[in-house]
Structures are given as C-alpha cells and as structure tokens.
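Beneath this line is the structure, given in structure tokens, with notes to follow.
The values are calculated or read from the model by the stated rules, or taken from the named source; none is laboratory data. None of the values given here were measured: they were computed from a predicted structure. Cβ: placed from backbone, ideal geometry, glycine included. Neighbour counts: every protein chain shown. For the accessible areas, the whole protein counts, side chains as well, though only heavy atoms, and no ligand, DNA or RNA atoms are used. Shrake-Rupley method; radii C 1.70, N 1.55, O 1.52, S 1.80 Å.
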Amino acid sequence: MKVKFKISEEKFFNNGKIMLNSMPDVQKSIREALSQEETISTVRRHPKGKPAFDGVDARSLNKALRRCLDSRSIKGETHVENGVFFHTTKEGFDFSIYDEDYNMARLYNYYQGAIGVLNGDTKIIELYKKMGCKKKEWKGKISAISSKVDHNTDYVVDKNTLTVVGELQFGNWALIYRDLFRLLDADSNPGIDFYIYVAADDELSKLLSANTVSYSSAADVINEYLSIIKTPIWLIGLGIDSYEEQ
C-alpha cells in the first residue's frame, strides 16, 4: 500500500517547543522525514464482534519510517553503553542525532582517560565493529586522539550539537513505560537534551492491532511521569494523509 505520512498532532513537554525552535535543522529533518511517501504492508484484521478489515502491519510501518529517517541522515538504532552511543543490533532508541566528536571523546575517556579501565588501550581497539569501522581505520582514529593528549589524560572537546534521541512506537501500550525508563537511564548517563516520541494518531491507531500505544495514550503517560522526567519532549501523532492500494 502506498502511503504519505503526516504529522497530524503534536504536543510539547518540559519546554520542548522552545528547545525544538532552537534546533531548526533538527526540526526540518524530522518534519521532512515524517512527511514522505512510502510503501507499507496491510494485514487482515478480525476484531472480536466486529467486521474484518484491512489494517496496517506495524512492522512494515516501522521499517518504512526508518527508511524515511535514514533518508535525512538521521542515525538508526542507538543504544547507550558506558555513557557512549553505539549502533548495533542491541535494542535501544530507534533514532538519534548527536555530536560524533563529543561521543568519540566520551568513549576514549572511558577507556584511556584520566580514570580509564584496566587494559583500556587494548579493549578500545576491539570496539571497531561496534563503531561501524574497519580495524585499521579505527586504530587510526584512536591514534589520532592519543597523539593530542598525554597518557592517562582526558580528551576534552566542546559539545557542538545537542543530543537528540527518539522512539517510533506502534507496539503494545505497555511499551511506553519501558521507553520512558530507558530515557531516564540514558539521561543520567550520556545526557539526553531532547526526546522525540512518535506514535499513531487516532485514525492510524484504528488500523493497527488493538491495545497499541497511541498519541493520546502516550500523552497521558508522559503527563503522569513529568515529576521525574525533566528532558524536553516532542510528542508526535503520526497519520496517513492519503493512501492507495498497490
């Protein structure tokens, strides 16, 4: 099924709108990514006591949105380990935007900085696959940093880009609690400056399976936890502007 996505609803928490307006490039990239045409799969749904209908396959929807984000050079699956962002198959945030040099400095300092870890100089080299590099290329990056600082000294760089992470959530309603706890854990580690949560608007939600996270249910849960969540949030209600069967 050919669809065109749209942001049909949006809500901000913890001065999220002010923060978003301070990042025009991020706002432009996200809005463009979530306004594209894509192809998703349908699935026949048989709700109890109601007529069967052709709904949207959540997995296909998720993959299509990831392609949309990737087209705007927004990083995909991102997990946090020792205060550093990695991109592997390990479950984490669905997408992210951050300062790569600053992230690299955090990684170097964890292994070879002022405190460091035992055999950190060896362990950091073995991270080349997790960082998406060839071993020779990765060794060159580590050597370049080492040449700039003394042994067992932190590599200090300014953070030039705010750290943004986000979720695409079209699964069971209970998953939003897991998502928010992941945010809380990461925010006390590398520090998250801005959080984007994408869920189905009411119309799209009707085309997904029952009891999925929706824009309205996500808003209720976020409101419930604002006493402990301090990160600025942009909640997005995703809709389908138009569609046609292929």
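Counting pairs of alpha carbon atoms under 8 Å apart in space and at least six apart in sequence, what relative contact order in percent does the range 1-116 give?
18 percent
Report, to the nearest 10°, how far helix 58-70 tilts away from the longest principal axis of the Cα atoms in the chain, using its own Cα long axis and a range of 0 to 90°.
Between helix and principal axis, roughly 50 degrees.
Mean residue ellipticity at 222 nm from the helices of the chain, using -39,500 (n - 2.57) per DSSP H segment of n ≥ 4 over the full residue count, to the nearest 500 deg cm²/dmol?
-10500 deg cm²/dmol
Can you give the local net charge around Asp220? Use residues other than it whose beta-carbon is closer than 15 angstrom to its beta-carbon, Lys and Arg +1, Asp and Glu -1.
Surrounding charge for Asp220 is -4.
May I ask for the Kirkwood hydrodynamic radius of the range 1-86, worked out over all distinct Cα pairs and given in angstroms to one decimal?
15.6 Å is the Kirkwood radius here.
Which ³J(HN,Hα) values in Hz, rounded to whole numbers, follow from the phi angles of the range 193-207 under the Karplus curve 6.51 cos²θ - 1.76 cosθ + 1.60, where θ = phi - 60° and Gly and Pro get x?
Residue by residue, the range 193-207 yields 8, 7, 10, 10, 10, 10, 9, 6, 6, 4, 5, 5, 4, 5, 8 Hz.
Each residue of the range 2-9 in turn: what ³J(HN,Hα) in whole Hz from Karplus with 6.51, -1.76, 1.60 and θ = phi - 60°, glycine and Pro shown as x?
Using θ = phi - 60°, the values come out as 7, 10, 10, 7, 8, 8, 8, 9 Hz.
Quick one: what are the phi-derived ³J(HN,Hα) couplings along the range 105-112, Karplus 6.51/-1.76/1.60 with θ = phi - 60°, whole Hz, x for glycine and proline?
5, 5, 5, 4, 5, 5, 8, 10
Could you tell me which of Asn21, Tyr108, Tyr197 has its Cα farthest along the dipole of the chain towards the positive end, charges placed at Cβ (Lys, Arg +1; Asp, Glu -1), taken about the Cα centre?
Farthest along the dipole direction, towards plus: Tyr108.
Test of the criteria: in the range 20-89, which trypsin sites (Lys or Arg not before Pro) are in a DSSP loop and have at most 14 other Cβ atoms within 10 angstrom of their Cβ?
Here the trypsin sites (Lys or Arg not before Pro) that fit, given the DSSP loop and packing criteria, are Lys48.
Would you work out the charge dipole size for the chain about its Cα centre, treating the Cβ of every Lys and Arg as +1 and the Cβ of every Asp and Glu as -1, and quote it to the nearest 20 debye?
Dipole magnitude for the chain comes out near 660 debye.
Which value in Å is the Kirkwood Rh of the chain over different Cα pairs?
When all Cα pairs of the chain are included, the Kirkwood radius is 19.6 Å.
Within straight cross-link reach of Lys17, meaning Cα distance under 18 Å, which lysines are found once same-chain residues fewer than 8 apart are removed?
Lys28, Lys230
If the cut-off is 19 Å between C-alpha atoms, which aspartates and glutamates fall inside it for Lys4, apart from same-chain ones fewer than 8 positions away?
Partners within reach: Glu32, Glu37, Glu38, Asp54, Asp57, Asp70, Asp201, Asp202, Glu203, Asp241, Glu244, Glu245.
Please determine, in degrees from 0 to 90 and to the nearest 10, the orientation of helix 175-187 with respect to the longest principal axis defined by the Cα atoms of the chain, where the helix direction is its Cα long axis.
20 degrees
Of the chain, which part is the longest with no GluC sites (Glu not before Pro) in a loop (DSSP not H, G, I, E, B) and with at most 14 other C-beta atoms within 10 angstrom? Working shown, then result.
Values: sites that count: Glu91, Glu245.
Maximal segment without exposed cleavage sites: 92-244.
For the range 58-184, what is the accessible area per residue in Å² when the probe is 1.4 Å?
About 53 Å² of surface per residue is accessible.
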